[in-house]
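The values are calculated or read from the model by the stated rules, or taken from the named source; none is laboratory data. Computed from a predicted model, the values in this text were never measured in an experiment. We place every Cβ from the backbone using ideal geometry, glycine too, and count neighbours over all the protein chains shown.
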């Protein structure tokens, strides 16, 4: 028999009920996405990708150049939009008792569905990377003030100690 636990006391004078803090089991097998096909999610994702068929990839002064940074950023935004759509659908779902799903259940179920869809959207990403036009833009550092890395460093002066 499980022993009843006291609520946690806080210095500020409020209590936290440990039962409230328990993460619910995710044994609910209900398919909350049954009214939307995976094909619809994949189409939605493909449309998101194709919103930007031209991407600017900036090379900032003093940063290492990353060739596909602009593409990666756009794909990450599309991934985020798909994930947020899944969370939105689950946030409006109710369990068999008519109660809204616990936020941890929403997160878990959204994660599993996202992983399932990621396998289906991977070919779209590969095709997008082949077709997207990337404009490479190097931002000049000619207008930046010189900030030395160490006391006494002179702009443009080579220091042999830097090679060691």
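Between residues in the range 151-164 that are modelled with pLDDT under 85 and residues that are assigned to a loop (DSSP other than H, G, I, E, B), which pairs lie under 6 Å by C-beta distance while being six or more apart or on different chains?
155/146
What residue, of 12, 5, 29, is touching a helix residue (DSSP H, G or I) at 6+ places or on another chain (Cβ under 6 Å) and at pLDDT below 90?
Within the list 12, 5, 29, the selection yields 5.
On the given criteria, is residue 93 farther than 30 Å from residue 148 by Cβ, touching a strand residue (DSSP E or B) at 6+ places or on another chain (Cβ under 8 Å) and modelled with pLDDT under 95?
yes
List pairs: first residue in the range 107-133 and at negative phi and assigned to a helix (DSSP H, G or I), second residue surrounded by fewer than 17 Cβ atoms within 10 Å (Cβ to Cβ) and modelled with pLDDT under 95 anywhere in the structure, Cβ distance under 6 angstrom, at least six positions apart or on different chains.
108/26
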